[in-house]
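J.: Take this structure first; my questions come after.
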Amino acid sequence: MNIPRLVVAAPSSGAGKTTIATGLIAALAARGLAVSPHKVGPDYIDPGYHGLAAGRPGRNLDAFMCGPERIAPLFLHGAAGADVAVVEGVMGLFDGASGRGELASTAHVSKLLRAPVVLVVDASSQSRSVAALVHGFASWDPEVRLAGVILNRVASDRHELLLREALEEGSGVPVLGSVRRSAAVATPSRHLGLIPAAERSAEALRAVADMGALVAASVDLDAVLALARTAPPLAAEPWDPAREVARLDTAAGAARPRIAVAGGAAFSFSYAENTELLTAAGAEVVPFDPLHADALPEGTAGLVIGGGFPELYVRELSANGQLRSAIAAFAASGGPVSAECAGLLYLGRELDGLPMCGVLDTSARMTERLTLGYREAVALHDSVLAPTGTRVRGHEFHRTVCEPGAGERPAWGWRLPDGPRTEGFAGAAGAAGAAGAVNIHASYLHLHWAGSPQLAASFTAAAAAHRAG
């Protein structure tokens, strides 16, 4: 398949990749093109803005969590039917998983996609030096095709002239655009990065429109499209969730269990492929918003609570006692529950002193310390997600701490620089424990199920068994 595509990268974080990438997506969509948005790495927040700009889900391409071999198939799956794809990078162009060379870097993904790279350069504090910087990035890895530069935060016409002259003289990489400093496109941040689009609603839509207008006025979109069309065909088949779970031993023809998936402003962190795998495994996926729902969806046989920002909505979540009681009752009845990060906090006794669902014997609080990084984990006990010994790759991303951080049956074990660690809860709640059932899996670890599709199959099977019981 041949989908025109390019990667938007930068020398470092903070150069304006998200603004330029989102603006490109919005500007190209405004031309009537179907634009497929993608993000290198595990980040949930940037794809939310990409999705607003494109009118279709923003999807992640993470070579650490999903494996390099799945990057091209996942890209083709997400970009099906698109006229062009824009892939936003992560950190600096060559920054990947710590201590693992190029793995999961923007450069690595660009090579796996055989896509040209456009480098966004923060030009606010330089002039001729920009040529040396671009020359260095263009020559560092000959397999990375750095094919264009977009100058960002340019101060004036004179500043732009100096930058263009330096690049023409010393880099050989064409300038595709020059973007002036603009307060209109500033996106507010907080303790875990940008405020998610799901929380900003109409304000986020306006910000995306402003980004699109700024890029349309500052970047040669025809040149960008021409560059994207130079990407050669990919020798890969699109990722197919049905094919992924078909390779697993699932119960064919069983009644479809209804799996409720938490969403809304407090639980906005999710990968589209996770729910696609649940559906392919035979589940009926039903979203609900814990900030507003007073009960689980009727007929719920399984519950998935992903990541997000419950600490910002702790009063509203705590005040919704009906739903908290319903979740506790569901867990006590043996209903399978999978919770990641925010979901873990929500299932505990309390968060920052306010009552939560009380399913887990742990309490959580905000801290000043950011926990961030990739993890390789092994399941220490059988659970509704995976049998003992299952190995997965995921990531942590939080400023909270749970006390205790692991139950009598920890969910995962992994090794950090300071030694081995156990984490999370793989156990039972209420009557389920008395009956010997293990129905709760809760952990800080975020997982992209495309890298471990058996997780979706296992959870769907557990939901089907609970429904049948």
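J.: Inside the stretch 405-415, can you point out the residues that are without any contact (Cβ under 8 Å) to a residue 24 or more places away in the chain and open to solvent by less than 40 Å² (accessible area, probe 1.4 Å)?
T.: Matches in the stretch 405-415: ALA406 only.
J.: If ALA364 passes every condition in (1) open to solvent by 20 Å² or more (accessible area, probe 1.4 Å); (2) over 16 Å from ALA428 (Cα atoms); (3) among the aliphatic types (A, V, I, L, M) but one, which one does it miss?
T.: The number of the failed condition is (1).
J.: Separate question: Just to be sure before I move on: is ASP289 surrounded by fewer than 20 Cβ atoms within 10 Å (Cβ to Cβ), in contact (Cβ under 8 Å) with a residue 24 or more places away in the chain and closer than 22 Å to ARG56 by Cα in the structure I sent? Even if it seems obvious, please write down each step before you answer.
T.: Values: surrounded by fewer than 20 Cβ atoms within 10 Å (Cβ to Cβ): yes; in contact (Cβ under 8 Å) with a residue 24 or more places away in the chain: yes; closer than 22 Å to ARG56 by Cα: yes.
Judged against the criteria, ASP289 is a match.
The rows are residues; the columns are (1) at pLDDT 95 or above; (2) not charged (D, E, K, R).
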position: LEU248; (1), (2): no, yes
position: ALA260; (1), (2): yes, yes
position: ALA265; (1), (2): no, yes
position: THR275; (1), (2): yes, yes
position: GLY282; (1), (2): no, yes
position: PHE288; (1), (2): yes, yes
position: ALA293; (1), (2): yes, yes
position: GLU298; (1), (2): yes, no
position: PRO310; (1), (2): no, yes
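J.: Let me ask you something else. Out of ALA82, ALA63, ALA97, I need the residue that is in contact (Cβ under 8 Å) with a residue 24 or more places away in the chain, over 29 Å from SER182 (Cα atoms) and over 17 Å from the mean Cα position of the chain (by Cα). Which one? Before you say what the answer is, go through the steps one by one.
T.: Working: ALA63 fails: over 17 Å from the mean Cα position of the chain (by Cα); ALA97 fails: over 17 Å from the mean Cα position of the chain (by Cα).
The match here is ALA82.
J.: Run down LEU24, LEU28, LEU6, LEU52 and say which single residue is outside any loop (DSSP other than H, G, I, E, B), out of contact with any strand residue (DSSP E or B) (no Cβ under 8 Å at 6 or more places or on another chain) and among the hydrophobic types (A, V, I, L, M, F, W, C).
T.: Answer to the selection: LEU52.
J.: How many of the residues making up the stretch 22-43 are of a type in the set (D, E, K, R), over 26 Å from GLY373 (Cβ atoms) and buried (at least 23 other Cβ atoms within 10 Å of the Cβ)? Step through it out loud before you land on a result.
T.: Within the stretch 22-43, the first condition is being of a type in the set (D, E, K, R), and the residues that meet it are 31, 39, 43.
Now drop any that are not over 26 Å from GLY373 (Cβ atoms), which leaves 31.
The next check asks that each one be buried (at least 23 other Cβ atoms within 10 Å of the Cβ); those that pass are none.
So the answer is 0.
J.: Just to be sure before I move on: is SER139 open to solvent by 50 Å² or more (accessible area, probe 1.4 Å) and over 25 Å from the mean Cα position of the chain (by Cα) in the structure I sent? Steps first, please.
T.: On the way: open to solvent by 50 Å² or more (accessible area, probe 1.4 Å): yes; over 25 Å from the mean Cα position of the chain (by Cα): yes.
Yes, satisfied.
J.: How many residues does the stretch 312-345 contain that are under 24 Å from the mean Cα position of the chain (by Cα) and open to solvent by 30 Å² or more (accessible area, probe 1.4 Å)?
T.: Summing the residues that are under 24 Å from the mean Cα position of the chain (by Cα) and open to solvent by 30 Å² or more (accessible area, probe 1.4 Å) in the stretch 312-345 gives 2.
Residue-by-condition table, conditions (1) open to solvent by less than 10 Å² (accessible area, probe 1.4 Å); (2) within 23 Å of GLY136 (Cα to Cα); (3) modelled with pLDDT of 95 or more:
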| site | (1), (2), (3) |
| --- | --- |
| ILE20 | yes, yes, yes |
| ILE45 | yes, no, no |
| ALA72 | no, no, yes |
| HIS77 | no, no, yes |
| ALA80 | no, no, yes |
| VAL87 | yes, yes, yes |
| GLY99 | no, yes, no |
| LEU103 | no, yes, yes |
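J.: Any residue at all in the stretch 201-218 that is at pLDDT below 95, surrounded by fewer than 20 Cβ atoms within 10 Å (Cβ to Cβ), in a loop (DSSP other than H, G, I, E, B) and out of contact with any Cys (no Cβ under 8 Å at 6 or more places or on another chain)?
T.: Checked against the condition, which is being at pLDDT below 95, surrounded by fewer than 20 Cβ atoms within 10 Å (Cβ to Cβ), in a loop (DSSP other than H, G, I, E, B) and out of contact with any Cys (no Cβ under 8 Å at 6 or more places or on another chain), the stretch 201-218 yields at least one hit.
The values are calculated or read from the model by the stated rules, or taken from the named source; none is laboratory data. Bear in mind that the values here come from a model prediction, so they are computed numbers and not experimental data. Note that each Cβ is placed from the backbone with ideal geometry, even for glycine, and that neighbours are counted across all protein chains shown. For accessibility, only protein heavy atoms count, side chains too; no ligands or nucleic acids. Shrake-Rupley method; radii C 1.70, N 1.55, O 1.52, S 1.80 Å.
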